[in-house]
Amino acid sequence: MMSETTSQTMNPIASILNRYPALVIDGALATELERRGCDLKDELWSAKILLEQPEIIKQVHLDYFKVGADCAITASYQATIQGLVKHGLNEKEAIALIQKSVKLAIEARDEFWSDSSNRVGRPKPFVAASVGPYGAFLADGSEYRGNYGLTEKELMNFHRSRMKTLIEAGAEILACETIPCLIEALAIAKLLKEFPSITAWVSFTARDEKHISEGQVFADCVKQLEDHPHIPAIGINCTSPKYISFLIRKAKKATNKPILVYPNSGETYNAMKNDWNGDPVLDSFGEQARKWYTAGARMIGGCCRTTPEDIRVIAGWARRQ
Ligand SMILES: [Zn+2]
């Protein structure tokens with residue numbers, strides 16, 4: 001029988017938060033690749049760049065470490081074996097590509113950490129392997145809606161093979177992110193029991209200051225994950241910054257785990273047009289993030305449309321708490 005926790009279970013979050021007041025998550029990957037000229041107008045999103053321009057992905061990871069990120073979230077958000085096979089890869093190639101996302105981030109981290117001048121006053125960064133939601137595989141924006149019409153078991157079956165692949169590639173934690181619905185979080189929590197050596201953070205998208213995208217009350221979702229030993233942190237990503245402080249306060253009452261937030265820049269994503277609308281609030285993102293720390297979040301970074309500059313500002317105040 002598999003035990004619920006083992007002494008070998010990695011928890012890079014605790015090892016940083018035991019020594020530092022805050023943990024700096026990195027910023028956007030996909031939109032940052034676009035900003036650097038990559039064409040991501042494709043259902044495979046950053047997986048396409050993994051295939052064609054992996055060195056740019058490694059450079060983005062390096063740039064986030066340089067400005068102070070304590071972790072890199074890998075380019076596997078939309079890369080699933082099912083999705084890649086649908087796009088013409090065979091299963092072996094799909095597995096290799098997903099593993100490459102982890103290896104690139106590890107390479108960037110090791111290169112960064114091998115320079116002793118980079119090690120001053122900060123913890124060794126870790127690699128969080130992105131596990132995007134089922135909605136990201138659908139590539140129709142349903143990671144901001146939910147309502148997949150799938151059972152918990154079907155969702156477990158969807159997530160199993162990529163999780164296994166990411167773990168085998170050396171992921172130090174899984175970043176189960178942009179989750180729109182409680183059933184998917186519960187499916188992930190259950191699936192984690194099959195992988196006792198790894199932990200995973202679970203991060204939802206929210207539609208307002210109280211509810212996750214599909215409509216469940218965020219605090220209730222947090223409570224349902226509270227007793228799970230393999231989930232060391234819970235939070236919100238890819239959501240407008242304007243809701244974040246409220247959501248953190250709600251979560252604080254429901255959990256003793258560290259709360260993580262990495263909102264987007266405040267624009268809204270139109271999946272049909274593969275485009276962003278609205279006014280960015282980028283100029284003050286890093287400063288707004290200070291309020292999230294005050295509200296109780298201990299892991300803070302940025303999602304879509306945030307940049308290394310935003311993360312530099314966050315790391316600037318986060319290290320001085
Ligand atoms: Zn995002």
For this session: Among the residues of segment 256-283, write down those that are more than 14 Å from the ligand (Cβ to nearest atom), surrounded by fewer than 19 Cβ atoms within 10 Å (Cβ to Cβ) and either hydroxyl-bearing (S, T, Y) or at pLDDT 90 or above (or both).
Result: N256
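I want to confirm something. Restricting to segment 114-137 and keeping residues that are part of a helix (DSSP H, G or I) and in contact (Cβ under 8 Å) with a residue 24 or more places away in the chain, which single residue is nearest to R312 (Cα to Cα)?
Here is the first cut: in segment 114-137, the residues part of a helix (DSSP H, G or I) are 116-119, 134-137.
Among the residues that remain, those that are also in contact (Cβ under 8 Å) with a residue 24 or more places away in the chain are: 118, 134-137.
On the way: N118: 14, Y134: 31, G135: 30, A136: 28, F137: 31 Å.
Going through the qualifying residues, I end up with N118.
Yes or no, residue by residue, for (1) within 16 Å of the ligand (Cβ to nearest atom); (2) free of Cβ contacts under 8 Å to residues at least 60 places away in the same chain; (3) assigned to a strand (DSSP E or B):
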{"position": "L155", "(1), (2), (3)": "no, yes, no"}
{"position": "F158", "(1), (2), (3)": "no, no, no"}
{"position": "T165", "(1), (2), (3)": "no, no, no"}
{"position": "A171", "(1), (2), (3)": "no, no, no"}
{"position": "L174", "(1), (2), (3)": "no, yes, yes"}
{"position": "L186", "(1), (2), (3)": "no, yes, no"}
{"position": "F195", "(1), (2), (3)": "no, yes, no"}
{"position": "I198", "(1), (2), (3)": "no, no, no"}
{"position": "S203", "(1), (2), (3)": "yes, yes, yes"}
For this session: Collect the residues in segment 207-248 that are buried (at least 22 other Cβ atoms within 10 Å of the Cβ) and among the polar types (S, T, N, Q), keeping them in residue-number order.
Result: S213, N237, T239
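In this structure, does A75 turn out to be modelled with pLDDT of 90 or more, open to solvent by less than 10 Å² (accessible area, probe 1.4 Å) and touching a helix residue (DSSP H, G or I) at 6+ places or on another chain (Cβ under 9 Å)? Spell out the reasoning first.
Details: modelled with pLDDT of 90 or more: yes; open to solvent by less than 10 Å² (accessible area, probe 1.4 Å): yes; touching a helix residue (DSSP H, G or I) at 6+ places or on another chain (Cβ under 9 Å): yes.
Yes, satisfied.
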For this session: Pull up segment 17-53, narrow it to residues that are modelled with pLDDT of 95 or more and not in a loop (DSSP other than H, G, I, E, B), then point me to the one that is farthest from the ligand (Cβ to nearest atom).
Result: L17
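The values are calculated or read from the model by the stated rules, or taken from the named source; none is laboratory data. Being a predicted model, the structure only gives us computed values, none of them experimental. Positions of Cβ are backbone-derived with ideal geometry, glycine not excepted, and every protein chain shown enters the neighbour counts. Please note that ligands, DNA and RNA were not included when accessible areas were found on the heavy atoms of the full protein model with its side chains. Shrake-Rupley method; radii C 1.70, N 1.55, O 1.52, S 1.80 Å.
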